[in-house]
1. Go through the chain and name the GluC sites (Glu not before Pro) that are in a DSSP coil and have 10 or fewer other Cβ atoms within 10 Å of their Cβ.
2. Within the stretch 62-79, which residues have the backbone N less than 15 Å from the label spot 7 Å out from ILE2 along Cα→beta-carbon, could you tell me?
3. Can you tell me the accessible area per residue over the chain, all protein chains present, probe 1.4 angstrom, in square angstrom?
4. For the chain, with all protein chains present and a 1.4 Å probe, just round the carbon and sulfur fraction of the accessible area to a whole percent.
5. Scan the chain and report its longest stretch carrying no trypsin sites (Lys or Arg not before Pro) that are both in a DSSP loop and have at most 11 other Cβ atoms within 10 Å.
6. Determine which residues of the stretch 21-45 fall in the zone a paramagnetic label at GLU78 would reach in this model, i.e. backbone nitrogen under 19 Å from the point 7 Å along Cα→Cβ.
7. With the Cα gyration tensor of the chain in hand, convert its eigenvalues to equivalent ellipsoid semi-axes via √(5λ) and list them largest first in whole Å.
8. Using the Cα centre as the reference, give the magnitude of the dipole from point charges on the C-beta atoms of the chain (Lys, Arg: +1; Asp, Glu: -1; all else neutral), rounded to the nearest 20 debye.
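The values are calculated or read from the model by the stated rules, or taken from the named source; none is laboratory data. Just so you know, these numbers come straight off a predicted model, no measurement behind them. Counting neighbours? That spans all protein chains shown, and the Cβs are built from the backbone with ideal geometry, glycine included. When the accessible area is computed, the model is the full protein with side chains, heavy atoms only, and any ligands, DNA or RNA have been set aside. Shrake-Rupley method; radii C 1.70, N 1.55, O 1.52, S 1.80 Å.
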Amino acid sequence: MIFLDTSFIGAFLSVRDKNHERAITISKNIRTGQYGSIVTSIYIFDELVTLIQAYEKTHASAVNAGKYLLETDIQMLEV
């Protein structure tokens, strides 16, 4: 199992993030199932949407990031 945190998902989604390319590379290993199931939490979801809003300066970017995360096969834990 791999737990995705805000910094990883934010770097993956935002080309402005200095770790974007690294996150893309790591995500390829995650998608192959190398680490098992993919998990995050509702707190990470909330933090991610806020982070994207701050990075991109648009509400639409934050909404799109939230939709993207909800449409993936990432298991969302309620804490």
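1. Values: sites: GLU21, GLU47, GLU56, GLU71, GLU78; in loops: GLU78.
Loop-located and lightly packed - GLU78.
2. 73-75
3. Numbers: 5200 Å² over 79 residues.
Accessible area per residue, the chain: 66 Å².
4. On the way: 2870 of 5200 Å².
With neighbouring chains kept in place, the figure for the chain is 55 percent.
5. On the way: sites that count: ARG16, LYS18, LYS57.
After excluding every exposed loop site, the longest remaining stretch is 19-56.
6. Inside the label zone: 39-45.
7. Values: eigenvalues 78, 48, 18 Å².
For the chain, the ellipsoid semi-axes come out as 20, 16, 10 Å.
8. Numbers: 7 positive and 9 negative charges, 65 e Å.
With Lys and Arg at +1 and Asp and Glu at -1, about 320 debye.
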